[in-house]
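The values are calculated or read from the model by the stated rules, or taken from the named source; none is laboratory data. What you see is a predicted model, and the numbers here were worked out from it, not measured in a lab. No Cβ is skipped: glycine too gets one built from the backbone with ideal geometry, and neighbour counts run over all protein chains shown.
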Amino acid sequence: MIFARPISLDRSADLDQALVRLGLPTPARNYLLEKLPHAQVLLTGLAQVDGRFLKRTCAEGPTAALFPGYFPGDQARRPGTALLSGARDQFSRLAQTAAESVELKALAEALECLLAVDVAPEATVLGGRRFVWGERTYLMGVLNVTPDSFSDGGLSASLEHAVAHGLALAEAGADLVDVGGESTRPGALEVPAEEEIRRVLPVIEQLHARSQVPLSIDTRKATVAAAALAAGATLVNDVTGLLADDGLPAVTARAGAAVCLMHMRGTPRTMQEAPTYEDVVAEVLEGLCASRARAEAAGIPRGRIWVDPGIGFGKTFDHNLFLLRHLRELRLLGCPIVLGTSRKGFLGALSGGKPPEQRLLGTVASVVAAAVAGGVDVVRVHDVAEVKEALAVVDAIGRAGSGGALWAPLGQR
Ligand code: HH2
């Protein structure tokens with residue numbers, strides 16, 4: 001599978017602010033926004049035919065300057081790799097030229113995904129609420145109705161407690177509440193579907209009756225999802241990315257629900273037994289592409305598919321950090337990105353061994369870092385009020401546009 005991964009990419013919003021400061025009218029700004037933004041792009045998964053085309057087009061002949069610079073990797077040690085470096089219009093021209101040839105279809109598609117990396121995914125409507133991507137970072141509150149979840153197991157043991165906790169999450173500003181009846185912490189054993197339904201169903205029913213907050217069901221089982229969707233949930237959060245239960249895609253599609261596809265290696269029982277990757281970002285991208293294809297094949301439209309790299313699920317401490325640093329590359333999938341770092345083990349390790357309930361600062365730092373890098377749309381957290389406050393600041397800084405009268409577009413002063 002070919003990926004054209006943005007390693008460094010000019011932020012067009014910043015460039016546009018500078019063009020506004022120059023006093024340029026909108027058509028001139030639009031022209032320059034196509035012409036100027038520069039990117040360094042890592043290509044992986046190239047076939048020989050792609051390599052030949054890139055060499056011929058970008059490095060040889062009189063028109064090479066119209067295309068990005070091309071630097072092939074060491075084909076003996078790192079087959080199928082290359083770096084492209086150029087301006088946006090050079091990448092557009094390369095995508096168009098590749099699209100003219102059937103045998104370059106995969107390359108053309110990879111370049112098209114690259115060119116769309118800054119385009120916000122289609123908004124998702126859940127339970128009457130509209131999630132408009134790019135406007136701000138949304139919050140998914142965690143409600144575990146389990147005796148053994150790694151950070152809050154047993155806290156919502158009675159129905160009364162669980163419902164009160166769900167309502168408190170909504171009150172604190174959760175944009176949706178994720179109800180789970182099975183722990184997926186490392187080493188966890190599977191819970192039978194009947195038991196999972198017994199745990200989550202009354203909670204979902206009551207929350208649906210008493211609050212407007214959209215509800216998601218954190219499950220990998222079709223029967224559990226079907227019961228939860230019938231009771232009012234509108235999103236299925238599957239940590240296996242639709243790999244575990246063949247019935248789950250159809251159940252989700254039939255209900256018109258949305259789905260969050262998370263990447264995981266193995267099963268919770270085995271996933272932390274020395275996970276290894278050749279290239280963790282590429283392999284997470286590949287896994288999520290396959291999950292997205294399963295969802296779409298079942299009839300779940302692209303506008304209702306969210307993706308999640310699965311921090312802590314079949315990844316070492318270093319894999320987690322690397323994924324967080326490269327989160328923006330997942331934008332190639334064209335889906336909203338969900339991130340679950342809340343209270344997780346790598347934050348404990350970085351804080352000198354603090355237990356899960358003392359990992360709030362680490363949690364806040366991780367979601368802030370992801371939001372600043374522009375790589376996240378929804379954060380799945382236990383501490384909604386605190387994270388919401390932190391994200392309000394980050395989101396506001398990221399969208400700051402008032403730099404004085406000369407920074408306003410012509411005609412708006
Ligand atoms: N993490 C957990 C569970 N579900 N879903 C998504 N989409 N992303 C995640 O990172 C994620 C998730 C694990 O956290 P938690 O629910 O707090 O623990 P447990 O599995 O022990 O119940």
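Can you find a residue that is in contact with a helix residue (DSSP H, G or I) (Cβ under 9 Å, 6 or more places away or on another chain), of a type in the set (D, E, K, R) and either at pLDDT 95 or above or farther than 25 Å from M262 by Cα (or both) anywhere in segment 354-375?
Yes, the conditions are met somewhere in segment 354-375.
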**Request:** Tell me, yes or no, whether segment 136-145 has at least one residue that is within 12 Å of the ligand (Cβ to nearest atom), more than 19 Å from H208 (Cβ to Cβ) and in contact (Cβ under 8 Å) with a residue 40 or more places away in the chain.
**Result:** no
**Prompt:** When only residues in segment 107-133 that are assigned to a loop (DSSP other than H, G, I, E, B) and without any contact (Cβ under 8 Å) to a residue 24 or more places away in the chain count, which is nearest to the chain's Cα centre (by Cα)?
**Reply:** A120
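Those residues that are outside any helix (DSSP H, G or I), at pLDDT 95 or above and touching a helix residue (DSSP H, G or I) at 6+ places or on another chain (Cβ under 9 Å), I need them from segment 376-402; list them, please.
Those that are outside any helix (DSSP H, G or I), at pLDDT 95 or above and touching a helix residue (DSSP H, G or I) at 6+ places or on another chain (Cβ under 9 Å): V376, V379, V381, H382, D383.
Here's a check for you: in segment 172-207, which residue that is acidic (D, E) and more than 25 Å from the chain's Cα centre (by Cα) is farthest from the ligand (Cβ to nearest atom)?
Residue satisfying both the conditions and the ranking: E205.
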**Request:** Return yes when G166 is free of Cβ contacts under 8 Å to residues at least 60 places away in the same chain, in a loop (DSSP other than H, G, I, E, B) and either away from the ligand (no atom under 16 Å from the Cβ) or not acidic (D, E) (or both) and no when it is not.
**Result:** no
**Item:** Near pairs, Cβ below 7 angstrom, 6+ apart or cross-chain, from segment 379-391 (free of Cβ contacts under 8 Å to residues at least 40 places away in the same chain) to any residue that is away from the ligand (no atom under 14 Å from the Cβ) and part of a helix (DSSP H, G or I)
**Value:** E386/V364; A390/V364; A390/V368
**Complete:** Filtering segment 210-250 down to residues that are within 14 Å of the ligand (Cβ to nearest atom) and on the phi > 0 side of the Ramachandran plot yields G241, L242
**Prompt:** Which number in (1) loosely packed, with under 13 Cβ neighbours inside 10 Å; (2) outside any helix (DSSP H, G or I); (3) of a type outside the set (F, W, Y); (4) touching a residue at least 40 places away in the same chain (Cβ under 8 Å) marks the one condition that E357 misses?
**Reply:** (2)
**Prompt:** Of all the residues that make up segment 152-183, how many are of a type in the set (S, T, N, Q) and over 25 Å from L126 (Cα atoms)?
**Reply:** 1
**Prompt:** On the given criteria, is R292 within 16 Å of the ligand (Cβ to nearest atom) and farther than 23 Å from E194 by Cβ?
**Reply:** yes
